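The values are calculated or read from the model by the stated rules, or taken from the named source; none is laboratory data. Everything numeric in this text was worked out from a predicted model, so none of it was measured. In this analysis, Cβ positions are derived from the backbone assuming ideal geometry, glycine residues included, and neighbour counts consider all displayed protein chains.
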Amino acid sequence: MIPIRGLFGGLISGTSLDGVDAILLEVRGRDPVSVEWEVLSFLSEPYSVDERVRIRAAIESGGARELALIHAELGRSFSRAFRALLNQSDTDPFELTAVGLLGQTFWHEPPTPGHPGVSLQLGDATVLAEDLGCDVVSDFRSRDMAVGGHGAPLVPWSDWVLLRRPGIGRALQNLGGIGNVTFLPADGDLNRVLGFDTGPGVALLDRAAQLASNGADLWDLDGRRAARGTVIRGLLADLLTDEFFVKAPPRSTGRERFGDKRLEEIVERVQPASEVEWDNLLATLTELTARSVALAYEAFLPVEAVHEVVLTGGGARNPTLVAALRRELAPLQVEVGSDALGIDPDAREAAAFALLAWAHVHGFSGNLPAVTGAVGKRVLGALHPGRG
């Protein structure tokens, strides 16, 4: 008999490379249709400058030794963040049923005809299991990819469980390093849930802001520089010819396509040499994200059934990007904030992996084949038992 109440943790670091999000989620109920839930505690633990630099370098050119070292170090970073969460909520780790750990994505390569996809998330789950003494579920993407799926996005199933609202068609648009959307139909039909990556989120923007400021700024604070700039129309038009933008779902992408290497190619082409020229580039990249989201909606979502768009992720805190999205998505209603979502927007993805840990423990499938392209539903993740 499935217990009616359990405490589950969720840990994730997104493609924006900003740090670790940790959540403590109480789940009540015995099946995905009728569960009730409550966020007991949530925190974001930023990466140090050194951690961020090392992760970025390892993603771009890390060898086996560097990746192995970072795998162990990130395990300790995730453990520290979750310990801080438990202290914040005055929770004993032995009260937990399990913790869902996505980890930090280092490589994501979608499947192509004749070639299965691969995805690598680092952050040693055994370090977490030993330190906390509780069960940890990790490696969520592999099982879906083993049966032909993209292994992403995995959040749509959890979005349907946690965030669907009767009578309201919702598009939940994440603006992390990479953008992705979940469509939750007003009638609550799980078979009509859609989800896919829309393209760049803030990965290109953040890196451009860092280069523009010689490393002083981690991102374009409040979108101020982009707001001062003028869109470079020819560059924008060329960037929008990327074949990803016309690829039909299932589709996923990552920093491999819209990351530092791509930004370096853009900078080499534009060669910004002044504050004004950097501002223009940032304005163009902001418009690229907004336009790519709008194009994806027009092509692949039933926009007539979308009653509201709710923004999450770091890009939702960028007023210039939000304004661009509102303009591009009009007349759709675009909302930002916890009042619209019913949960702290920054906690959404951590909550998803806490719920996927719940699904693993109780034997429920957590992927949606129509979203990922897998041949069937699967229980996701690998279990690492806690001490004792």
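Tabulated data
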read-out	value
Failed criterion for GLY177 (all others in (1) farther than 16 Å from THR372 by Cα; (2) outside the structural domain of VAL310 (by TED's automatic domain parsing) hold)	(2)
Unmet requirement for THR312, which otherwise passes all of (1) touching a residue at least 12 places away in the same chain (Cβ under 8 Å); (2) more than 21 Å from the chain's Cα centre (by Cα)	(2)
Given (1) touching a Cys at 6+ places or on another chain (Cβ under 9 Å); (2) of a type outside the set (Ser, Thr, Tyr); (3) assigned to a strand (DSSP E or B), index of the condition PHE94 fails	(3)
Close pairs (8 angstrom Cβ cut-off, 6 or more residues apart or separate chains): farther than 15 Å from GLN210 by Cα in the stretch 257-273, of a type in the set (Phe, Trp, Tyr) anywhere	ARG257/PHE244
Residues (in a loop (DSSP other than H, G, I, E, B) and buried (at least 20 other Cβ atoms within 10 Å of the Cβ)) located in the stretch 206-231	TRP219, ASP220, GLY229
Filter pass, PHE42 being of a type in the set (Phe, Trp, Tyr), part of a strand (DSSP E or B) and within 30 Å of ALA57 (Cβ to Cβ)	yes
Residue check, LEU383 touching a residue at least 40 places away in the same chain (Cβ under 8 Å), under 30 Å from THR284 (Cα atoms) and touching a strand residue (DSSP E or B) at 6+ places or on another chain (Cβ under 8 Å)	no
Candidate set: the stretch 104-151, residues that are in contact with a Phe, Trp or Tyr (Cβ under 9 Å, 6 or more places away or on another chain) and of a type in the set (A, V, I, L, M); chosen: the one surrounded by the most Cβ atoms within 10 Å (Cβ to Cβ)	LEU128
Number of the exception - GLU95 against (1) in contact with a Gly (Cβ under 9 Å, 6 or more places away or on another chain); (2) closer than 21 Å to LEU24 by Cβ	(1)
Pairs with Cβ under 8 Å, 6+ apart, first in the stretch 83-104 and acidic (Asp, Glu), second assigned to a strand (DSSP E or B) and surrounded by fewer than 24 Cβ atoms within 10 Å (Cβ to Cβ)	GLU95/LEU7
Meets criteria (within 28 Å of ASP260 (Cβ to Cβ) and part of a loop (DSSP other than H, G, I, E, B)) for GLY195	no
Inter-residue pairs, beta-carbon under 6 Å, first hydroxyl-bearing (Ser, Thr, Tyr) and in the stretch 108-136, second in a helix (DSSP H, G or I) and surrounded by 23 or more Cβ atoms within 10 Å (Cβ to Cβ), 6+ apart	SER119/ARG141
Any hit, the stretch 217-225, residues being hydrophobic (A, V, I, L, M, F, W, C), in contact with a helix residue (DSSP H, G or I) (Cβ under 6 Å, 6 or more places away or on another chain) and at pLDDT 95 or above	no
Single residue of ARG56, ARG5 found to be touching a residue at least 12 places away in the same chain (Cβ under 8 Å), of a type in the set (D, E, K, R), surrounded by fewer than 23 Cβ atoms within 10 Å (Cβ to Cβ) and more than 21 Å from VAL137 (Cβ to Cβ)	ARG56
Conditions (1) touching a helix residue (DSSP H, G or I) at 6+ places or on another chain (Cβ under 6 Å); (2) crowded, with 21+ Cβ neighbours inside 10 Å; (3) under 18 Å from LEU17 (Cβ atoms): number failed by ASP260	(2)
